[in-house]
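Below: the structure, in structure tokens.
The values are calculated or read from the model by the stated rules, or taken from the named source; none is laboratory data. Please read these numbers as outputs of a predicted model, since none were measured by experiment. So basically every Cβ, Gly included, is an ideal-geometry build from the backbone, and we count neighbours across all protein chains shown. Keep in mind that these areas ignore ligands, DNA and RNA; they rest on the heavy atoms of the full protein, side chains included. Shrake-Rupley method; radii C 1.70, N 1.55, O 1.52, S 1.80 Å.
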Amino acid sequence: MVFAPFELYSELGEMIKEGSPFPTTFVCCYANRAFSYMPTKPAFSHGGYGPAKCRFEPGTAEQVVAELDRLLKEMR
């Protein structure tokens, strides 16, 4: 199980699951108090509610996914 204290865009959850070395991986958002939206980098150029309410810079979500991928592989 991967817990995130923010709302990940669905594409990011799918990327985490696809990169996971485990047969089943659950991505749980809003864990430990929701902090912010976590949009994909392309979502910032589209605009909308998520990027407007995001506290992170474009590209942060992809960095988080890469780090989670590394941590999941290390755990395996």
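Note on segment 51-74: among residues that are in contact (Cβ under 8 Å) with a residue 24 or more places away in the chain and more than 13 Å from the chain's Cα centre (by Cα), the one that is least open to solvent (accessible area, probe 1.4 Å) is Leu72. A residue that is surrounded by 13 or more Cβ atoms within 10 Å (Cβ to Cβ), small (Gly, Ala, Ser) and outside any loop (DSSP other than H, G, I, E, B) occurs nowhere in segment 26-36. Restricting segment 52-75 to residues that are outside any loop (DSSP other than H, G, I, E, B) and over 17 Å from Ala4 (Cβ atoms), the residue that is modelled with the lowest pLDDT is Ala52.
Quick check on segment 35-51: of everything there that is under 19 Å from Ile16 (Cα atoms) and in contact with a strand residue (DSSP E or B) (Cβ under 8 Å, 6 or more places away or on another chain), which residue is modelled with the highest pLDDT? Filtering segment 35-51 for residues that are under 19 Å from Ile16 (Cα atoms) and in contact with a strand residue (DSSP E or B) (Cβ under 8 Å, 6 or more places away or on another chain), the one modelled with the highest pLDDT comes out as Met38. The residues listed here are Ser20, Ser10, Ser36; of these, the one that is free of Cβ contacts under 8 Å to residues at least 60 places away in the same chain and over 20 Å from Leu72 (Cα atoms) is Ser36. When Gly19 is tested against (1) loosely packed, with under 12 Cβ neighbours inside 10 Å; (2) under 14 Å from the mean Cα position of the chain (by Cα), just one condition goes unmet, and that condition is (1).
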